[in-house]
Amino acid sequence: MIGKRLRELRKARGKTQVEVAEALAIPQALVSEYERGNVRLHGAIVAAFAKLFAVSADEVLGLRAPKTNGSFTDRRFFRRLERIEKLPRRSKQALLKTIDTYLVGAEKSSP
C-alpha cells in the first residue's frame, strides 16, 4: 500500500525513479523496491519522500487522503513548470505575461 502510494506520488509529480533516487541520494533499485513494497521504509526515508513530493508524512504512509490541489497528471506540463520555476525572476515574469495574454485570447475565442 505504501509502495503504491509512493509510485502514485512520483508519477503525479512527473518524476522517474532515477530522478527520485538522485534527489534522495539512494540507488534507483532501492526506489523500485520501496515502490513494490519489498523493503520497509524507516522514518528518515518517509520524511525524505514527504519533503521531495511536498506532502505530509501521513500522506506518504496513507494515513491521510492525498491533496489533489497542485498535482498534475500530465508529466510534460509538470516538467515545464519545474523549468519555469528555475528561470530568473524577470524571465519568469515575461513568460507569465505571455501566458496570461494567450489565456485571455483563448477564453474569448472558446464557445
Matching residues, region 53-80, being at pLDDT 75 or above and exposed (fewer than 12 other Cβ atoms within 10 Å of the Cβ): L63, R76, F77
Top-ranked residue of region 7-45 - restricted to ones that are at positive phi and surrounded by 13 or more Cβ atoms within 10 Å (Cβ to Cβ), ranked as farthest from the chain's Cα centre (by Cα): G37
Close pairs from region 79-97: first more than 19 Å from K11 (Cβ to Cβ), partner β-branched (V, I, T), Cβ under 7 Å, at least 6 apart: K92/I84; L95/I84
Residue selected from region 7-40 under the condition in contact with a helix residue (DSSP H, G or I) (Cβ under 6 Å, 6 or more places away or on another chain) and hydrophobic (A, V, I, L, M, F, W, C), by the criterion farthest from R79 (Cα to Cα): V39
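The values are calculated or read from the model by the stated rules, or taken from the named source; none is laboratory data. Bear in mind that the values here come from a model prediction, so they are computed numbers and not experimental data. Counting neighbours? That spans all protein chains shown, and the Cβs are built from the backbone with ideal geometry, glycine included.
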